[in-house]
Amino acid sequence: MPFWNCSDPFVNALKSAGYNMVRLPKADIRPMQLLYKNGDSLERLGAVTKLLTAGENIAVPSMTVDVQAANISGQRTSDMKIGLGLSLLGTVIGAMGGSSLGLETEYKNAKTAAFEFYDVLEDRIEVVDLDQYLGDADINPASVYVSKLLEADKLFITTAVIKSTKFTFEAKDSSGSSISLNVPAIQGIVSGNVKVGTESSATTKLTYEGKIPLIFGFQAVQIYYEDGQYTSIKPSTGVTMKSVGVLQPLAGGRERFVSDDTFVRLNDVI
């Protein structure tokens, strides 16, 4: 079960800006990482440079970091069931270095929730630089298995990611009204690594801010080789990084989404 579906305005905003979605935001995704297509899923393999070493003429592409991505900042998801929302919230807080143990109690009256990301930044490499690097790079002879994946056209390379240290989480009751929350109590739960606050005097829409930027969107290209020689790249769209798992029951008839990390195509989960 996906957290968001293909009609979600947040998903559409990412797609219109050329980004694929990271369903569970993470801190360790960056440009120049290899992804492997295994059936309907994509799995991370490691840095591109471990498979393709720089040639004599073209260096590893340089990365531009912390570019403002104003077209993504402030975009809001559709309302989701609170069980899924709290699962995602807990994962994000955990990735920021905080704790979500006991957070469900503070949201006991909530039925749905929605997210917004703020102050979004982009890290990227230029695709033309990657193209030239691949044209001059050598395949590491020690990479036997991954080299076979390369020849089978099953490898992708991340070229850009978008990230943020700040997002809001707004919960609503069964009537669709925003619920008031105890900010000091929630701050005590998540710990000092994550700052909890509000955008205004209202206590219905809380802002969670950490010190570690979390990546929630990415761009990638599929790379093509023939007889050990690089031939072309193709932008990859309609894929998403998602955790596949099961729903576990919680008190009050709610559910928590429990998962193991993997990557799957967006079209396969909507």
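Using a 10 Å cut-off on Cβ atoms, rank the peptides 94-104, 182-192 from the highest mean neighbour count down.
Values: 94-104: 17.4, 182-192: 15.3.
By packing density, highest mean first, the sequence is 94-104, 182-192.
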When each pair of different Cα atoms in region 108-197 is counted once in the 1/r mean, what is the Kirkwood radius in angstroms, to one decimal? 18.1
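Mind checking the full-extension length gain between S178 and A59? Use 0.36 nm per residue of separation minus the Cα-Cα distance, one decimal, nm. Before the final figure, lay out each step's value.
Working: separation 119, 0.36 × 119 = 42.84 nm, distance 5.25 nm.
Gain on extension, S178 to A59, equals 37.6 nm.
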Which of K37/K195; K37/K163; K81/K234; K26/K81; K15/K195 exceed 32 Å between C-alpha atoms? The answer is K37/K195; K81/K234
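Rule-based calculations on the coordinates, nothing more; no lab input. Just so it is clear, the structure is predicted and the values come from calculations on it, not from any experiment. No Cβ is skipped: glycine too gets one built from the backbone with ideal geometry, and neighbour counts run over all protein chains shown.
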